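The block underneath contains the structure these notes are about, expressed in structure tokens.
Read-outs: derived from the displayed coordinates by stated rules, not from any lab. Source: prediction; values computed, not measured. Cβ coordinates were reconstructed from backbone atoms using ideal geometry, including for glycine residues, and neighbour counts include every protein chain displayed.
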Amino acid sequence: MIGIFGTLLVVAFSVYLTARGSQTAGVPAGKRLPLFVAPLATSDVNLDPNMSPRCDPAHPNPQGLNVCGRSPLVLGLFVTESGDCERQVDAIQAVSREFAGTGVQFAAVAVYAGRAASAALVRSHRWTIPVAYDRDGVVATAYRVAACPMVELAYRGGVVAQRLIGDHWLSRTALAARVRALLAAGPR
């Protein structure tokens with residue numbers, strides 16, 4: 001029930017922002033992403049995300065998505081009940097194969113979703129990128145998720161290069177072009 005309420009809240013807020021013509025979703029370009037560690041949907045961990053993680057590259061948490069700014073990042077934030085959001089993660093998955101070995105971290109977080117629903121999507125779509133879940137919405141709040149699809153692109157160090165909002169970014173070609181631009185710009 002809480003998950004459904006959270007999803008409805010995100011959808012209602014998205015409609016509200018769209019009606020106002022606002023672009024307030026996401027972390028603005030030039031700002032640092034909030035760092036977090038969230039449990040992977042495919043893990044046995046049933047916890048909430050940690051928004052004050054110990055970011056130790058020598059000891060990453062194998063059961064969690066570690067967003068610690070160590071590498072360039074492409075992060076999709078999505079709700080589990082949306083076809084467009086699922087296609088967004090499909091696009092991120094496809095683009096991640098093209099950029100394998102470049103050091104870019106590709107990941108996604110199911111916001112306002114539990115482990116079971118998130119794990120079911122990972123299995124049904126055969127996603128291999130890390131997909132975490134955020135059942136209480138703490139990551140969604142920190143990242144100001146108000147629209148879906150939404151992707152944050154960040155330089156090494158966690159500074160946002162660009163936030164991508166809308167259906168246009170479901171295109172693998174369009175998303176890949178932004179990842180190439182992120183790599184070309186280099187670390188900030």
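Numbers at a glance
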item	result
Rounded to 5, the percent of DSSP beta bridges in region 31-188 classed as antiparallel	65
Protection proxy ranking, peptides 106-113, 117-124, average beta carbon neighbours within 10 Å, highest first	106-113, 117-124
Tensor-based shape of region 21-166 (alpha-carbon gyration tensor, a/c under 1.5 rounded, otherwise prolate or oblate)	rounded
Taking I92, I165 and counting other C-beta atoms within 10 Å, the order from fewest to most	I165, I92
9 Å beta-carbon shell around A38, net charge (K/R +1, D/E -1)	-2
Radius 15 Å from Cβ of T80, net charge of other residues (Lys, Arg +1; Asp, Glu -1)	-2
Assigned charges on the beta-carbon of Lys, Arg, Asp, Glu; region 103-188 dipole about Cα centre (debye)	220
Per-residue Cβ neighbour rank within 10 angstrom, fewest leading, T42, T141	T141, T42
Ranked L47, L75, L164, criterion: other C-beta atoms within 10 Å, fewest first	L47, L164, L75
